[in-house]
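Before any comments, here is the structure.
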Amino acid sequence: MMSKNIVLIGMPGSGKTTIGKILYEKLRTDFIDMDDYIEDREGKTIPDIFKNGEEYFRKLEKEAVCEVSRKKSAIISTGGGVIKNLSNIENLKKNGIVIFIDRPVENIAKDINVLSRPLLKDGVGKLYELLDERYELYKKYSDFQIENNGKIEDVIEKILELAK
């Protein structure tokens, strides 16, 4: 059994939460979705938290990452912008392998509910903007990059191989 955390990073809608839940089913270890964790911690939804500004959300996210990264053998699905703060990545890497779930934006755009995602409220064009802003950071800070453009089972298999 793995002792390190499996940390999933990537764009909103890249499949991090779905993949995390399937890994949880297979590995029977803790699964933490950072957005859910922050919502529970604050007693508010992410869109409500964002009403106080992105900076405020990022501060809460940083505190939450600090807490969650102390866990062992957990599967952690991060928010898409977690890589914007270097200390988040440093904390997550202390006890985790960071896997970038790379999914084509066209596929994300087809599937995603932009209304439930504060940063995407301006529509799909914002996805491309976020990708430009974040792609190099995802690549730079991940230990592994896995493409999610086919069957989700293939992605799961690759991650399970890495987690051995």
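Computed quantities for the displayed model
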{"item": "Unique residue being aromatic (Phe, Trp, Tyr), within 21 Å of Glu133 (Cα to Cα), in contact (Cβ under 8 Å) with a residue 24 or more places away in the chain and touching a Phe, Trp or Tyr at 6+ places or on another chain (Cβ under 9 Å) when the list is Phe50, Phe31", "result": "Phe50"}
{"item": "Condition broken by Cys66, with the remaining ones in (1) touching a residue at least 40 places away in the same chain (Cβ under 8 Å); (2) under 16 Å from Ile97 (Cα atoms) satisfied", "result": "(1)"}
{"item": "Test: residue in region 93-100 that is basic (Lys, Arg) and farther than 21 Å from Leu160 by Cα", "result": "no"}
{"item": "Pairs where the first residue, in region 1-23, is of a type in the set (A, V, I, L, M, F, W, C) and the second is surrounded by fewer than 19 Cβ atoms within 10 Å (Cβ to Cβ), C-beta under 6 Å, 6+ apart", "result": "Met2/Ser73; Ile22/Ile156"}
{"item": "Test: residue in region 38-58 that is within 13 Å of Asn5 (Cα to Cα) and out of contact with any Lys or Arg (no Cβ under 7 Å at 6 or more places or on another chain)", "result": "no"}
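For every residue, the table says whether it meets (1) closer than 26 Å to Lys139 by Cβ; (2) of a type in the set (Gly, Ala, Ser).
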{"residue": "Val7", "(1), (2)": "yes, no"}
{"residue": "Ile19", "(1), (2)": "yes, no"}
{"residue": "Glu25", "(1), (2)": "no, no"}
{"residue": "Asp40", "(1), (2)": "no, no"}
{"residue": "Thr45", "(1), (2)": "no, no"}
{"residue": "Ala64", "(1), (2)": "yes, yes"}
{"residue": "Gly80", "(1), (2)": "yes, yes"}
{"residue": "Lys94", "(1), (2)": "yes, no"}
{"residue": "Ala109", "(1), (2)": "yes, yes"}
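Bear in mind these aren't lab numbers, they're just calculated from the coordinates by the rules spelled out. Not measured: the values here are computed from a predicted model. Please note: Cβ atoms are built from the backbone with ideal geometry, for glycine as well, and neighbour counts cover all protein chains shown.
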